[in-house]
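All remarks here apply to the structure that follows.
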Amino acid sequence: MLRRRGGTWIGWPGVELKKGERVSTRADAYRIAPVPLGETDIARYYHGFSNRTLWPLFHSLPGHTQFVRKDWNVYADVNERFAGVAMRHARDAKLVWIHDYHLMLTPEFMRRAHPEARLAFFLHIPFPPFDIFRLCPWDKELLRGLIACDLIGFQIENYAHNFMDCAEQILGARVDREAMIIEDGDRVARVGVFPIGIEFDLFQEQAMKARRESQRERVVLGVDRLDYTKGIPERIRAFERLLELHPRHKGNVVLLQLAVPSRSQVTEYRELKSEIDELVGQVNGRFATSTWSPIRYLYRSFPQERLCGLYRDADVALVTPLRDGMNLVAKEYVACQVDDPGVLVLSRMAGAAETMREALQVNPFDLDGTAEAIHRALTMDEEERASRIAAMRRRERRDDVEAWVEHFLAAGNEEAAHLDPISERELQQWLRGYVKSYPLCLFLDYDGTLTPLVSHPSKAKLSKEMREALMGCSRRVDTDVSIVSGRALDDIRKIVGEPNLVYAGNHGLEIEGPEIARFRHQDLVHYEARALELFGALEAIANEGAWTEAKGPTLTFHIREVPEARQARYAQKARALMTEHGYQARDAHAAVEARPPIGWDKGRAVLHILRERYGPNWSERVRVIYVGDDQTDEDAFRFLAGLAMTFRVGSADTPTGALHRLPDVEAVRRLLDWVGMRPLTEATPTQSSL
Ligand code: GDG
C-alpha cells in the first residue's frame, strides 16, 4: 500500500537491536520510522500483554488469558512511545492508520497531544462480546484508547456490534447502532466494517506457475500459524473420526498439515506443539500401513510460491479455527483453484464465514459434523465444486486487499461524525429505571457544567435557558437542587442568585441552604492565616496573566491567560508552593486549586447534605443525580458509585468514575429539562420513605 501511495511506516523492527545497531530506514517510495523495543518490552508488551492477555481474551478463550499488571504498564508505556514516534514523523499526515490489538492505547496518547489529528484504527482479530471483554481489569482504558479515533474498523459486523455494546455498557457512552457512531463526552467515533481481502491476482498467478508435485493420495490441506485458536488438535481428531466413520478413505486420503512456528516464547504455544506431536503420532500409529500414513505434519514455513502449489493441488482445504478474526488461508485457497476445483471446509467461527457462504461451514468443536463435512467434500461432484468455488472466487477477486485499503481510507477521510443532541427518549432510557417515582435530589457543579468555561470566573453567567431549566427543577416539590462548586460560598450564591437552592462552596467546605444547618468545616480555622501567606507567595509568581483567587480557606491559581507553552511551568511552581504551605494541590481546568488537607471534598459534602436533609436512611427516600465537569467532581463520582446516577461533562481526555458522559453544557440543560418535566411524584424528598 505504501509502495503505491507513499507515506510513513511506523513499527517495531521485529528484532531486538544490539547496542549501536540501527535499522535501515530506506525504502523506495515511503519512509520508515522504527520504534525500537528492549528485552523487557518484548517480554511484557509483546509476548505478555499483547499475546498472553489480549490475543486469547479477544478470541473468547478466557481460560488461556493471564492478567498481569506489570505487563499492562509496559503495554501502556510502549503504546505511548509509538504515539510519540508517530507524532514526530507524521505530524502533518492526512491520516494515521493504526493497526491491531498491540496498539489500542496509541490513539488516546496521540489525541491528547494532537486534538486535530485524523486517526483511524483497524482490528485484525475478533472483538469479543461484552461478557468476555469485561473480564479485563483495564476494559475502560482499552475502550477509551480506541474511541479517541475518528474511525474504528472491524472485520465483520458481529465484532463491531460487540464493540458498541461494550462502549455503551462499560463506558456509558451514547451509541447509535444504525448510524454506527459512538459519542463519549466530547469524543465522537465512527465504527465500520471492513472485511480484509488478499492480493488475489498474485496468488492466482503463483498458483498457475507453481511446480506440480506428484501425489498418490487425495489431499486434505491445513495451513496455519501454530496457534491454539486455529483448532489444529480438533482438526486432527475430526480427521481421525472421518477414518472411523468412512473407512473407504483409508489408504486414499492424507491430511497434510503445515504449521508455521509462532510465539514459541509463550509457554502455551510450546505446550500446544507437544500436544499436536503426540496426537499425530497416535493417529498415525493407529491407522498407518506399510504404504500409507494418514497424517503428514510439517512444522515449518514454506515459500509462498510452493504454498500456492499446495493450495492448488489440495482436494479439500480444512480451515477450522476455534475463533479467527477473518482467516486469509481460506481466501488464498480459493484464489489458487485455477484448475480442478477443490472444496473449502470452513469453520463458522472464522470471520471469513460471514461472506464465504458457499464453503461447507462447520462447527470445529463438533468432530462428527466436521468429519461428515470432509466426507461430503471428498465425494462432491465436479459441478457443485465448480459452482461453489466460482462464486467465492468472484467475490474475493472483487473484494481484494486493494479494495479493502480503498474502502477503509475513504471512510477514514470522511467528515468527522456527529450525533444528534441527546434526546428525551435517550434520557428516559438512562434515567427512568433509576428515578422511577422517587423524589429527586440534584447536585450540580457550576463552572463548565451549568455555564461554559470562560476566560475569567466573573464572566461565567447562567444563560436564560439554563436558568429556566434549573428553576423548572427547583420549583418542583419532588425535587431538591444543590449547587456544589469550588467557588467561595458567597460568590457561588451570588452568581447563581436563586434563594431556594442549597449551596456548597469551596468544594463543600462551607454549606448553606433551606432546611439545612449552616456548615463550616471545623478545621478551617487553622488555615486562615496560612491562606494569607500562600496567597502572597502565589501572587509573587503570578506573571504573564496568571492570578490568584482568594476564597477564604481555599485558593485557586488561574493560568488560562498564560501562553499555553508555559502553563505547565506555572502549574508546577504553584503546586510546589501549595505543598510547601501545607496545602493539597489539585489540578483543575487551566488552574491549580489549593485545598486544606483535611479529608473533605465534594463527595463528603454531598453525603453530608443528604444525611442532614433526609436522615441516615436517605437512600430510601430520594434518588440522586450528580453532574460535574471537573477533576474535583471525581471525588463525588467515587463516593456516589452505586448510590447515584453520575454524569461527567465535557472533554474525555481524562478518565472518569461517572456512569455517563455528556458532551457539553447544552446536554446538561436537556437533562435538567427532562428532570423538570417528568411526571410529578406524590411525596416530597423530605417526607417520602418509599
Ligand atoms: C490475523 C488474524 C486475519 C501460513 N503459512 C505460511 C504462510 N502463511 C500465511 C498464509 C496467510 C497468513 O500466513 C495467515 O493469515 P491468517 O489470516 O490465517 O491468520 P493470522 O496470522 O492469525 O492473522 C486473522 C489476519 O490477521 C488479517 O487481517 O485474517 O484472522 O488472526 O497469509 O498464507 N506464508 C508462507 N509460508 C508459510 O508456510 N509464505
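The values are calculated or read from the model by the stated rules, or taken from the named source; none is laboratory data. Everything quoted here is computed from the prediction, not taken from an experiment. Here Cβ is always computed from backbone atoms with ideal geometry, including for glycine, and neighbour counts include all displayed protein chains. We work out accessible area using only protein heavy atoms, side chains counted, and drop any ligands, DNA or RNA first. Shrake-Rupley method; radii C 1.70, N 1.55, O 1.52, S 1.80 Å.
Structure above, values below:
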| item | result |
| --- | --- |
| Segment 200-398, dipole about Cα centre (Lys/Arg Cβ +1, Asp/Glu Cβ -1), debye to the nearest 20 | 340 |
| Note, ³J(HN,Hα) from phi for segment 16-25, Karplus 6.51, -1.76, 1.60, rounded to Hz, x at Gly and Pro | 8, 7, 6, 4, x, 7, 10, 8, 5, 10 |
| Backbone HN-Hα couplings from phi across segment 621-632 [Karplus 6.51/-1.76/1.60, Hz, Gly and Pro as x] | 9, 10, 9, 10, 10, 10, 10, x, 10, 10, 4, 5 |
| Longest to shortest principal axis, alpha-carbon extents of segment 59-157, angstrom | 43, 33, 17 |
| Segment 65-74 - phi-based ³J(HN,Hα) in whole Hz, Karplus 6.51/-1.76/1.60, Gly and Pro as x | 8, 10, 10, 10, 4, 5, 4, 4, 4, 5 |
| Between helix 367-378 and the chain: long-axis angle, C-alpha atoms, 0 to 90°, nearest 10 | 50 |
| Dipole magnitude of segment 526-595 about its Cα centre (Cβ charges: Lys, Arg +1; Asp, Glu -1), debye to nearest 20 | 180 |
| Cβ-defined net charge surrounding Ala531, 13 Å radius [Lys, Arg +1; Asp, Glu -1] | -3 |
| Proximal lysines relative to Lys94, as straight alpha-carbon distance under 23 Å, when same-chain residues fewer than 8 apart are discounted | none |
| Cleavage-rule hits (trypsin sites (Lys or Arg not before Pro)) in segment 400-470: DSSP loop, at most 14 neighbouring Cβ within 10 angstrom | Lys436, Lys461 |
| Unit Cα scatterers, Debye sum, segment 27-73: log10 I(q)/I(0) for q = 0.19, 0.23, 0.27 Å⁻¹ | -0.63, -0.75, -0.90 |
| Global geometry of segment 200-398, whether rounded, prolate or oblate, following the gyration tensor of its Cα atoms and the 1.5 cut on a/c | rounded |
| Of the chymotrypsin sites (Phe, Trp or Tyr not before Pro) in segment 303-367, those whose Cβ has at most 15 other Cβ within 10 Å and which sit in DSSP loop | Phe365 |
| Relative contact order for the chain, counting Cα pairs under 8 Å that sit 6 or more residues apart, in percent | 11 |
| Per residue, the convex hull volume that the Cα atoms of the chain enclose (Å³) | 193 |
| Compactness relative to 2.2 N^0.38 Å, alpha carbon Rg of segment 526-595 | 0.98 |
| Whole-angstrom gap from segment 434-464 to segment 203-267, using each part's C-alpha centre | 65 |
| Zero-based 5 Å bins, Cα pair distances in segment 379-444, whole percents | 3, 11, 10, 9, 8, 7, 7, 7, 9, 8, 7, 7, 3, 2, 1 |
| Accessible surface of the chain [probe 1.4 Å, protein heavy atoms]: carbon and sulfur percent | 48 |
| Cα centre as origin, Lys/Arg/Asp/Glu Cβ charges: the chain dipole, Debye | 940 |
| 5 angstrom amide H check on His589, placed H, neighbours 5+ away | Gln631 |
| Difference of contour (0.36 nm per residue) and Cα-Cα distance, Arg216 to Ser264 | 13.9 nm |
| Formal net charge of residues neighbouring Glu108 (Cβ-Cβ distance under 12 Å; K, R +1; D, E -1) | +1 |
| The chain - mean residue ellipticity at 222 nm from DSSP helices (-39,500 (n - 2.57) per run, n ≥ 4, rounded to 500) | -11500 deg cm²/dmol |
| In segment 1-73, trypsin sites (Lys or Arg not before Pro) in a DSSP loop with at most 12 other beta-carbon atoms within 10 Å | Lys18, Lys19, Arg22, Arg26 |
| Residues whose placed amide H lies under 5 Å from that of Gly11, excluding near-sequence neighbours | Ala33, Val35 |
| Calculated P(r) of segment 2-193 - Cα pairs past 20 Å, % | 56 |
| Protection-proxy order for peptides 150-160, 494-504, each taking the mean of Cβ atoms within 10 Å per residue, highest first | 150-160, 494-504 |
| For segment 625-690 versus segment 362-395, the gap between their alpha-carbon centres in whole angstrom | 56 |
| Where only C-alpha atoms are counted, convex hull volume of segment 254-347 per residue in Å³ | 126 |
| Segment 494-544: translational diffusion in µm²/s, Stokes-Einstein, Kirkwood Rh over Cα pairs, 25 °C, 0.890 mPa s | 184 |
| Local electrostatic count at His246 - Lys and Arg +1, Asp and Glu -1, tallied over other residues with Cβ under 14 Å | +1 |
| Length released on extending from Met1 to Val477, taking residue separation times 0.36 nm less the Cα-Cα span | 164.9 nm |
| Per residue accessible area of the chain, 1.4 Å probe, in Å² | 44 |
| Antiparallel DSSP beta bridges within the chain, percent to nearest 5 | 30 |
| Average Cα contact separation per residue, segment 526-595, under 8 Å, 6 or more apart, as relative contact order % | 29 |
